[in-house]
1. Based solely on its DSSP helices, what 222 nm [θ] is calculated for the chain when runs of n ≥ 4 H residues each add -39,500 (n - 2.57) and the sum is averaged over all residues, nearest 500 deg cm²/dmol?
2. Could you report the chain's accessible area per residue, 1.4 Å probe, as an integer in Å²?
3. Under the 0.36 nm per residue contour assumption, what length would be gained going from the current alpha-carbon distance of ASP15 and ILE134 to full extension?
4. Please give the direction-averaged projected area of the C-alpha convex hull for the stretch 68-140, in square nanometres with one decimal.
5. What's the carbon and sulfur percent of the stretch 80-139's accessible surface, probe 1.4 angstrom, rounded to a whole number?
6. Can you tell me which lysines have their Cα less than 20 Å from the Cα of LYS22? Leave out same-chain residues fewer than eight positions away.
7. Do any trypsin sites (Lys or Arg not before Pro) in the stretch 135-227 lie in a DSSP loop with no more than 14 other beta carbon atoms within 10 Å, and if so, which?
8. On C-alpha positions alone, give me the angle between the axis of helix 121-133 and the longest principal axis of the chain, in degrees, nearest 10.
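The values are calculated or read from the model by the stated rules, or taken from the named source; none is laboratory data. Bear in mind that the values here come from a model prediction, so they are computed numbers and not experimental data. Using ideal geometry, Cβ is built from the backbone for each residue, glycine included, and neighbour counts are taken over all protein chains shown. For accessibility, only protein heavy atoms count, side chains too; no ligands or nucleic acids. Shrake-Rupley method; radii C 1.70, N 1.55, O 1.52, S 1.80 Å.
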Amino acid sequence: MTARRPLARPAERTDFQILREKMAQGLEAAGIQDRRLLSAIRKLPRHAFVPEPLWSQAYQNATLPIGFKQTMTQPLTVAVMLQALKLGGSERVLEIGTGSGYQAALLALLAQAVFSVERIAELAREAQSRLREIGIINVTIKNFDGTYGWSEYAPYDAIVVSATAPAAVPRPLIEQLAPGGRMAIPLARQGHEEICLVTRMTDGIDIRPVSRCTFVPLVGRFGYTAG
Ligand code: SAH
């Protein structure tokens, strides 16, 4: 077995803690109020989700490259999406677009069980082993086209999509949302992208815009064509 470099040496650990605290304070100043979410953000080593040369940038409010032309979503955008889901701790959550696994790790601390789908096999594999390494056991990752959702574990109390869908919410995701369930999804609308909050009602869905955003495209059967 090859020895892995520890996630931080003792002195660095303190530095990362300071940077993490600053990041959490920045998020609070930007309007994030969910106490459980803020405490999960204060706890998780975000740098462990990016390649080592980027560790020093991991606590800035920026997107970071994770390979395969994909990016890790910026912390404020992740926080806005997760706050909109109003998680209490007992939920079963579906995430589309695992990417680095950082948002899945936050969800693991905020809900009961997390199912996450990633279309790039290597990212799915890396994220699963990264989560295991930091001791997170309630996230299950599958390499698949997430525009189909993951029917095996449906219905979900909450769904979060980390890539922009073209105009319409993929139908399987609506079908797999429990009645009263909430979904945060970026949609392309009239020339811009917007995070929307979708609530499943007894007689259909309610869609409300939350804030403007920029994501990588959701590529798949009910999303954009790969190219
Ligand atoms: N929350 C992640 C975001 C990663 S970027 C993080 O913070 O790291 C979005 C991810 O969505 C990319 O990894 C991309 O490969 C993935 N993706 C795009 N379309 C997808 C689809 N149809 N199904 C599953 N994953 C998809």
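1. -9000 deg cm²/dmol
2. Accessible area per residue, the chain: 49 Å².
3. Separation in residues times 0.36 nm, less the Cα-Cα distance, equals 41.0 nm.
4. 4.6
5. Carbon and sulfur: 47 percent of the exposed surface of the stretch 80-139.
6. LYS43
7. ARG221
8. Result, in degrees: 50.
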